[in-house]
Each structure stands twice: as structure tokens, then as C-alpha cells.
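Peer 1: Next up is a structure, given as C-alpha cells.
The values are calculated or read from the model by the stated rules, or taken from the named source; none is laboratory data. These figures come from a predicted structure and were not determined experimentally. Because the Cβ atoms are built from the backbone with ideal geometry, glycine has one as well, and the counts that use them run over all protein chains shown.
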Amino acid sequence: MAWHDATHMAVVKAAGLDDYVYLAVGADMAKEKAGAVEGGNHYNNTPRGVKVTSEMVLAQVRDYNKQGDSDGHLYGAIVAALNDYLIRGAGGKYDRYPFGYAAHYIGDLSMPFHNIAYDAFNRANHAANDGIVETTGPRDEPMDAKVARLAAEIQKRMGRLPVVQLSTDVKRFHKELAVQIAAIANRAAALGYAMASANPQRTRLTEEEAYMQLAQSAQLLKAVAAAIMR
């Protein structure tokens, strides 16, 4: 469970990385086969009232691809995948796959149900929220057209957000990235818990809320690419 494929691809396209759009679905493809090895990289079951910090993000890096971590380690997975990208590139190896994984995780980062406890509310409503922005188009809309439509809507919302800029110095990049990850995670968790606490409970994101969440992911991905992509 995650944003659906076209949504993940639209985040990458909205970030201006048109040549890498299809890499965004690779992490979910891997999850189909790798199961627990990959699964924990896609979410973080943050308890209500816990504030995610940059230190927490960096501490999770060691948990990348860790099995048996039921609470997940999405935040560290983003940093770890980008580390793989940098290491492979420095060694002259093919480095696009780890960047694709990171792009997917950055997309997951803004999804509220990937940032709250996996309780009864989350289990009951998670899947329905994954496809929120994909349900409004034509029934037989081609994938490329759908991705372009979603990306255009995400870009509109990106214009409302503060510009994100990350250092090209690797050490500073990691610290600044962790700060940005924590900020998006906390906003996503706050939204998810607000939905659960509403009376009556609010079980669906609005389309506008979903696009604003996705815009945060695309904005961060754009900044990451500008800082480190070759």
C-alpha cells in the first residue's frame, strides 16, 4: 500500500525528472518479491505525540532493508538510498536504481497514512486514500496522460511552497536533508492524526490535501536532484 503508481510517477515528473519517471515504481515492484526486506522502507509508524527529529532520521539509516522492523524506517531509507546512489556513482557503477528507490520513498514520505500508527483507523482507510488523486480522470485515461495531468496539478501546489535548497557538500547535504524529511514527516503525521481525531472521524483526504502533500514530496525531490544528481 502506497500512493498508486501514476501518483508516484507524477511526483518525479513534477520534480522535473521526466527521464526517470518509471524508476519511481521500482520500490513497489521490489516489495512484491522481497517482502519484509523491502517493506519496512516504505513507512514509519510514528506514535501519536512523537515529534520526528533530524537525529531520528539519521539514526534510522542503519535499518535500511532491515527485516522484522514492524514500525518501519522510511525516513532513514531515504537517506540510505541516496547514499547508495552517491557511492555507486563515485565508483563508476550504474546508480539510477538507488535514486529510483529514493524517489519512491520521498513520495511515500508525504502520505499521512505512512506516518501514523498502523492501528484500526489506518488499516481500514489506508488503501482508499492511496488513489485519491487518480480517481477523478477519465476511466480509460492512458498512463502517460494521467501522469502528466497529476504532475501538472502537483506543480501548481509546489508554487505555493517555500523553495527548498540543499547543500552540494555531502556532509551538509545529509544534515539538511534530514531536517527536511523530519519536517514533511511531522506535517504528514499531524494531518493523519487530525483525521483520526475528528468527530466524526474523517476517513478520506480531500483532493486538495493530497495534492499539497504530494507537492511537498516533489519539492524535496527536486532539491535533492539539484544538489547531487549527475
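Peer 1: For the structure I just gave you, tell me whether residue 82 is of a type in the set (A, V, I, L, M, F, W, C), at pLDDT 95 or above, crowded, with 18+ Cβ neighbours inside 10 Å and touching a Gly at 6+ places or on another chain (Cβ under 9 Å). It would help to see each step written out before you state the result.
Peer 2: Numbers: of a type in the set (A, V, I, L, M, F, W, C): yes; at pLDDT 95 or above: yes; crowded, with 18+ Cβ neighbours inside 10 Å: yes; touching a Gly at 6+ places or on another chain (Cβ under 9 Å): no.
Criteria not met by residue 82.
Peer 1: Of all residues in the stretch 66-78, which are out of contact with any Asp or Glu (no Cβ under 7 Å at 6 or more places or on another chain) and farther than 15 Å from residue 225 by Cβ?
Peer 2: The answer is 66, 67, 68, 70, 71, 72, 75, 77.
Peer 1: Could you tell me whether any residue of the stretch 155-171 is within 22 Å of residue 5 (Cα to Cα) and over 18 Å from the mean Cα position of the chain (by Cα)?
Peer 2: yes
Peer 1: Kindly list the number of the only condition in (1) over 19 Å from residue 22 (Cβ atoms); (2) modelled with pLDDT of 95 or more that fails for residue 139.
Peer 2: Going through the list (1) over 19 Å from residue 22 (Cβ atoms); (2) modelled with pLDDT of 95 or more, residue 139 breaks only (2).
Peer 1: Does residue 79 qualify as being in a loop (DSSP other than H, G, I, E, B) and within 24 Å of residue 223 (Cα to Cα)? I'd like the intermediate steps shown before the answer.
Peer 2: Details: in a loop (DSSP other than H, G, I, E, B): no; within 24 Å of residue 223 (Cα to Cα): yes.
So residue 79 does not fit the description; no.
Peer 1: Confirm whether residue 186 is at pLDDT 95 or above, in contact with a Lys or Arg (Cβ under 8 Å, 6 or more places away or on another chain) and more than 19 Å from residue 24 (Cβ to Cβ).
Peer 2: Answer is yes for this residue.
Peer 1: Being in contact with a helix residue (DSSP H, G or I) (Cβ under 7 Å, 6 or more places away or on another chain) and either of a type in the set (Lys, Arg) or not in a helix (DSSP H, G or I) (or both) is the filter here, so list the residues in the stretch 137-164 that pass it.
Peer 2: Scanning the stretch 137-164 gives 137, 146, 157, 161, 164.
Peer 1: For the stretch 85-135, how many residues are within 18 Å of residue 230 (Cβ to Cβ) and free of Cβ contacts under 8 Å to residues at least 40 places away in the same chain?
Peer 2: Within the stretch 85-135, residues that are within 18 Å of residue 230 (Cβ to Cβ) and free of Cβ contacts under 8 Å to residues at least 40 places away in the same chain number 8.
Peer 1: Given the conditions (1) over 21 Å from residue 205 (Cβ atoms); (2) of a type in the set (A, V, I, L, M); (3) outside any loop (DSSP other than H, G, I, E, B), which single one is not true for residue 106?
Peer 2: Failed condition: (1).
Peer 1: Which helices (runs of 4 or more DSSP H) does the stretch 1-76 wholly contain that include 3 or more residues that are free of Cβ contacts under 8 Å to residues at least 12 places away in the same chain and not hydroxyl-bearing (Ser, Thr, Tyr)?
Peer 2: Passing ranges, in order: 26-34.
Peer 1: Still on this structure: Report the residue count in the stretch 32-66 for those that are closer than 20 Å to residue 98 by Cβ, at pLDDT 95 or above and exposed (fewer than 13 other Cβ atoms within 10 Å of the Cβ).
Peer 2: 1
Peer 1: Of all residues in the stretch 5-38, which are of a type in the set (Lys, Arg) and within 15 Å of residue 214 (Cα to Cα)?
Peer 2: Matches in the stretch 5-38: 13 only.
Peer 1: Name the residues in the stretch 33-58 that are more than 12 Å from residue 116 (Cα to Cα) and among the basic types (Lys, Arg), would you?
Peer 2: Step one: filter the stretch 33-58 for residues more than 12 Å from residue 116 (Cα to Cα), giving 33-42, 53-58.
Once the filter is applied, which keeps residues that are more than 12 Å from residue 116 (Cα to Cα) and among the basic types (Lys, Arg), the stretch 33-58 yields only 33.
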